[in-house]
Amino acid sequence: MKTNILSFKNFVGKKVEAIGWIAHFRKHSKVGFIDLYDRTSHIQIVLDGDLLKNDYNLEDLVSIKGVIKKRSTQTVNSEQDLGNIELMATKITTLSKCSDLPFNINRSTLTIRESLRLRYRYLDLRTERMRKNIITRAKIAKSLRSFFDKKGFLEIETPALTKGTPEGAREYLVPSRLHPGKGYVLPQSPQQFKQLLMVAGIEKYYQLARCFRDEDSRKDRQPEFTQFDIETSFFNQKEIIALTESAVSSMVRDVFPFLRLPRGKFPVYTYDYVMKKYNSDKPDIRKNQNDPTELAFCWVVDFPMFEIDPTRHKISAVHHPFTRPLINNIKDLDKPEKDLLKIKASAYDLVLNGHEVAGGSLRISDIKLQHKVFEILGLQEKEIKTRFGHMLKAFKFSPPPHGGIALGFDRLVAILCGESSIREVIAFPKTGEARDLLMNAPSKMTSKALKILNLKKTK
Ligand code: ASP
């Protein structure tokens, strides 16, 4: 096992072996310097004598033996973790050679053509900025998980091969080999399963969940993305909001101590208020949009229950069909369509600096009410039964009142890392056109594969 470069700060005066990649090499007449890095940090290597006779290639993986020394006061670099020490090399061995690089990776690659970066993502991920983003992402997940673990929540995995949950996008289909003519759907979210877990008496669930939505190319959307998904029984809306707020605040304090959270509670605005005041349901309420340390969170509540879907010209759910109307609006479900659009739902969004970073709702757990909502959404009896019969059936078995929320994990990480695209915080993202340029997916389906799946190509 190798010793991490960062731990050399405790090894002054000791003999060590540093293993890492060469970020820089510069040679003067009597002395040379290598900037060596690994996942944890960078260290300056000093070499002289015979060691200077060799050339050192950028990004070669090397083992360097030597002694850790304190740097002289004039050469201390206070911007680096290990800026006050250096390694005086006695032996350098190349462990693995690096070919010519397709682009420079010893600085941020933000200005490099994205398709090239994605094709060589493993090199892109070697850059300090990208490595930091990926490490920070893992820290955020860890902090949120530990918050919910401490509160008695269970992380439970829900299936990826399933029947689909409507969240307003097209679904990915997976043809079944064992059941010709049938197929699975990849979930747009774990919505139905997490509600069924509440019927199962789990009470407190969370999951770092992968979601799949087959959307037309949209700049900063991904066909697969991650939600930090939460569901609880017996919590009212205020309690879910308070829980989420405290999870997010404690994560920010943990991972981003230098960012400024709002003082006191996050403000809560109604949908009608923000639409009137900001003409947006994701208001950016920062005092100074140029201050990168300001985090302006707010809640938007009381969303409309229904809207007219602009593409299909028919009534659809603003959040999803399992969302409950506000209690005193339930009676209005019998009114004509134009009045239905006035009904408000127990649905809430968390907004950060003008971006939606979470959305959730209290759910319907009453069969009649759920049935009514499906009807309003234009579903015929047969369709209700085939698509959602299992939910209605489950609600026959003493379901608890429940509700939840899902954090858009990629977006939250991107904003906190100061990145403008979620692709900067996903290890292997797809392009805006849903292509994986590294693996080259989607790829052609061979006739053999199609035959096994009982599929035929048409023109
Ligand atoms: N499933 C919802 C979504 O994906 C979140 C929720 O209602 O908890 O937006």
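The values are calculated or read from the model by the stated rules, or taken from the named source; none is laboratory data. Just so you know, these numbers come straight off a predicted model, no measurement behind them. Cβ placement follows ideal geometry from the backbone for every residue including glycine, while neighbour counts extend to all protein chains displayed.
Of the residues making up the range 179-204, just one is surrounded by fewer than 16 Cβ atoms within 10 Å (Cβ to Cβ) and of a type in the set (D, E, K, R), namely Lys182. Put simply, of Leu123, Leu186 the only residue that is on the phi < 0 side of the Ramachandran plot, modelled with pLDDT of 95 or more and within 16 Å of the ligand (Cβ to nearest atom) is Leu186. When the range 259-284 is filtered for residues that are farther than 16 Å from Val413 by Cβ and either within 21 Å of the chain's Cα centre (by Cα) or acidic (Asp, Glu) (or both), the ones remaining, listed by number, are Leu261, Asp272, Asp281, Lys282, Asp284. From the list Arg137, Arg145, the one residue that fits, being in contact (Cβ under 8 Å) with a residue 40 or more places away in the chain, buried (at least 19 other Cβ atoms within 10 Å of the Cβ) and assigned to a helix (DSSP H, G or I), is Arg137.
Of Asp272, Asp281, Asp216, Asp229, all but one fail to be touching a residue at least 24 places away in the same chain (Cβ under 8 Å) and in a loop (DSSP other than H, G, I, E, B); the exception is Asp281. Filter the range 352-369 for residues that are more than 11 Å from the ligand (Cβ to nearest atom) and either touching a Gly at 6+ places or on another chain (Cβ under 8 Å) or among the aromatic types (Phe, Trp, Tyr) (or both) and give the result. Selection gives Val357 alone. Filtering the range 207-229 to residues that are at pLDDT 95 or above, touching a Ser or Thr at 6+ places or on another chain (Cβ under 9 Å) and closer than 22 Å to Cys417 by Cβ leaves Leu208, Ala209, Arg210, Cys211, Gln227, Asp229.
Restrict the check to the range 266-276 and report whether at least one residue is within 16 Å of the ligand (Cβ to nearest atom), aliphatic (A, V, I, L, M) and buried (at least 20 other Cβ atoms within 10 Å of the Cβ). Within the range 266-276 (the criterion being within 16 Å of the ligand (Cβ to nearest atom), aliphatic (A, V, I, L, M) and buried (at least 20 other Cβ atoms within 10 Å of the Cβ)), the answer is no, since none of the residues qualifies. The numbered conditions (1) away from the ligand (no atom under 12 Å from the Cβ); (2) over 23 Å from Arg137 (Cα atoms) are all true for Glu167 except (1).
Of the residues making up the range 370-400, those that are touching a strand residue (DSSP E or B) at 6+ places or on another chain (Cβ under 8 Å) and either acidic (Asp, Glu) or away from the ligand (no atom under 15 Å from the Cβ) (or both) are Ile376, Leu377, Gly378, Pro400.
The residues in the range 67-120 that are among the acidic types (Asp, Glu) and modelled with pLDDT under 95 can be counted, and the count is 2. When the range 325-372 is examined, which residues are found to be part of a loop (DSSP other than H, G, I, E, B) and not small (Gly, Ala, Ser)? Passing the criteria: Leu326, Lys335, Pro336, Leu341, Lys342, Ile343, Asn353, Ile364, Asp366. Here Ser63, Ser78 are screened, and the one residue that is surrounded by fewer than 17 Cβ atoms within 10 Å (Cβ to Cβ) and in contact with a Ser or Thr (Cβ under 7 Å, 6 or more places away or on another chain) is Ser63. Residue under question is Ile308, and the condition is that it be away from the ligand (no atom under 16 Å from the Cβ) and either in a helix (DSSP H, G or I) or buried (at least 16 other Cβ atoms within 10 Å of the Cβ) (or both); does it hold? In short, no. Among the residues making up the range 219-236, those that are within 12 Å of the ligand (Cβ to nearest atom) and in contact with a Phe, Trp or Tyr (Cβ under 7 Å, 6 or more places away or on another chain) are Thr226, Gln227, Phe228, Asp229, Ile230, Glu231.
Can you name the residue in the range 237-248 that is within 17 Å of the chain's Cα centre (by Cα) and away from the ligand (no atom under 11 Å from the Cβ) and, of all such residues, is surrounded by the most Cβ atoms within 10 Å (Cβ to Cβ)? Outline the logic, then answer.
If we filter the range 237-248 for residues that are within 17 Å of the chain's Cα centre (by Cα), which is where we start, we get 244, 247-248.
Restricting the remaining residues to those that are away from the ligand (no atom under 11 Å from the Cβ) gives 247-248.
Numbers: Ala247: 24, Val248: 26.
Out of the qualifying residues, it is Val248.
Every condition in (1) away from the ligand (no atom under 16 Å from the Cβ); (2) surrounded by 18 or more Cβ atoms within 10 Å (Cβ to Cβ); (3) of a type in the set (D, E, K, R) is met by Asp349 except one, and the failing one is (1). Tallying residues that are touching a residue at least 24 places away in the same chain (Cβ under 8 Å) and more than 16 Å from the ligand (Cβ to nearest atom) within the range 311-325 yields 2. Give me the residue from the range 404-427 that is of a type outside the set (A, V, I, L, M, F, W, C) and under 23 Å from Gln191 (Cα atoms) and, out of that set, surrounded by the most Cβ atoms within 10 Å (Cβ to Cβ). My answer is Gly404.
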